[in-house]
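The values are calculated or read from the model by the stated rules, or taken from the named source; none is laboratory data. In this text the structure is predicted, and so the values were computed from the model without any measurement. Glycine gets a Cβ as well: all are built from the backbone with ideal geometry, and neighbour counts include every protein chain shown. The accessibility values were calculated without ligands, DNA or RNA, using every heavy atom of the protein model including side chains. Shrake-Rupley method; radii C 1.70, N 1.55, O 1.52, S 1.80 Å.
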Amino acid sequence: MNQHDFNRGLLDILRLSPTPHHAVANLAKQLASAGFEQVHESDDWTPDPGGRYYVIRGGSSLVAFIKGGAPEESGLRIVGAHTDSPCLKIKPRPEIEQGDYLQLGVEVYGNALLNPWFDRDLSVAGSVIFSSGDGEMRSALIDFKDPIAVIPSLAIHLDNNANESHPINKQQHLPAIVQIEKHGLDFRELLLQKVSAEYPDKQAEEVLDYDLYVYDTQ
């Protein structure tokens, strides 16, 4: 593979992986196309010599391995990387009514730099867990893709200290505006509509939980 193709492949998987859940799903597809077989932690394993396997935990962690010889003879070669990064995650009960605006409450994940999140076109993506019509609990990946939110900063002509250091209150300054006119927002109902539209065969009936992230569409 030449450098151009490598760079293009890297950029493609970054673009398609706004959350750890999407990153794991996309990496699993690449592993499967390279001959790796998925195994599950609850199963008994009998790896074949030279066999290629991968395990997914919680939808956001992945371990891939090739069965080699005896470790005391051939040793071990291990490579590790993050599927996550510092970001803003949607709170469990995120709806906030502030003045004439509807906002989504967020929580800072990791040691994120907060200033770059202001005044960006933001979208929401991640994993949604729901009950289905057949009584099963299922999960699905969603990505709104379009910019549906923004975390505004104070206009510079209203801030005489714009060029000085400003502390950021994570609870007061970071909720993302999603609607200008306040007329009620049931975030879980919005997620249910999204899942039902994208996965009609899964018969989603009620959103039970989610692991969702705000990300910059640019």
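Which of these, ALA176, ALA81, ALA28, has the largest mean-square fluctuation under a Gaussian network model of the chain (Cα springs below 10 Å)?
Checking each option, the largest mean-square fluctuation is seen for ALA81.
If one takes the longest principal axis of the Cα atoms in the chain, at what angle in degrees, from 0 to 90 and to the nearest 10, does the Cα axis of helix 3-15 lie?
Once rounded, the angle reads 60 degrees.
If you find the alpha carbon centre of segment 1-32 and of segment 48-91, how far apart are they in angstrom?
Cα centroid of segment 1-32 versus Cα centroid of segment 48-91: 16 Å apart.
Obtain the nm distance between the two label points defined at PHE118 and ARG77 by a simple spin-label model: each point lies 7 Å from its Cα along the Cα-to-C-beta direction.
Calculated label separation equals 4.8 nm.
As an exercise, use a Förster radius of 45 Å and the Cβ-Cβ distance of ASP43 and LEU158 to find the FRET efficiency, rounded to the nearest 0.05. Provide the component values of the computation, followed by the final result.
Details: r = 60 Å, r/R0 = 1.34.
After rounding, the FRET efficiency stands at 0.15.
Taking the Cβ of ILE142 as the center, what net charge do the other residues with Cβ under 9 Å away carry, scoring Lys and Arg +1 and Asp and Glu -1?
Overall, the nearby charge balance is -1.
For segment 36-116, just the Cα atoms, rotate onto the principal axes and tell me the three extents in Å, largest first.
Taking max minus min along each principal axis of the Cα atoms, segment 36-116 gives 67, 27, 17 Å.
Check which residues have an amide H placed less than 5 Å from LEU208's amide H, if you skip close sequence neighbours.
ILE129, PHE130, SER131
Considering every pair of different Cα atoms, what Kirkwood radius, in Å, is found for the chain?
After inverting the pairwise mean of 1/r, the radius is 20.2 Å.
Between LEU11 and ARG52, what FRET efficiency comes out of the Förster formula 1/(1 + (r/R0)^6) with R0 = 25 Å and r the beta carbon distance, rounded to 0.05?
Given R0 = 25 Å and the Cβ-Cβ separation, E is 0.45.
Suppose each label sits 7 Å from its Cα in the direction of the beta carbon; what would the ASN2-SER131 distance come out to in nanometres?
5.7 nm
Report the full-extension gain for the segment SER85 to ASN169: residue separation times 0.36 nm, less the Cα-Cα distance, to one decimal in nm.
28.2 nm
Between segment 118-168 and segment 184-218, what's the alpha-carbon centroid distance in Å?
14 Å
Straight distance only, please: which lysines reach the Cα of LYS202 with their own Cα at less than 24 Å, same-chain residues fewer than 8 apart left out?
Once the sequence-local lysines are set aside, what remains near LYS202 is LYS29, LYS145, LYS194.
Show LEU113, LEU141, LEU158, LEU102 ordered by accessible area, largest first, where the area counts protein heavy atoms only and the probe is 1.4 Å.
Highest to lowest solvent-accessible surface, that is LEU113, LEU158, LEU141, LEU102.
In the neighborhood of ILE66, defined by Cβ-to-Cβ distances under 13 Å, what is the net charge if each Lys or Arg adds +1 and each Asp or Glu adds -1?
+1
Hey, got a sec? Which trypsin sites (Lys or Arg not before Pro) in segment 1-105 land in a DSSP loop and have at most 12 other Cβ atoms within 10 Å?
Qualifying residues, ordered by number: ARG77.
The chain: longest stretch without exposed GluC sites (Glu not before Pro) (DSSP loop, at most 14 other Cβ within 10 Å), sites themselves excluded?
Value returned for the longest uninterrupted segment is 42-135.
Each label point is 7 Å from the Cα along the Cα-to-Cβ direction; what then is the distance between the points at ALA32 and LEU185, in nm?
3.4 nm
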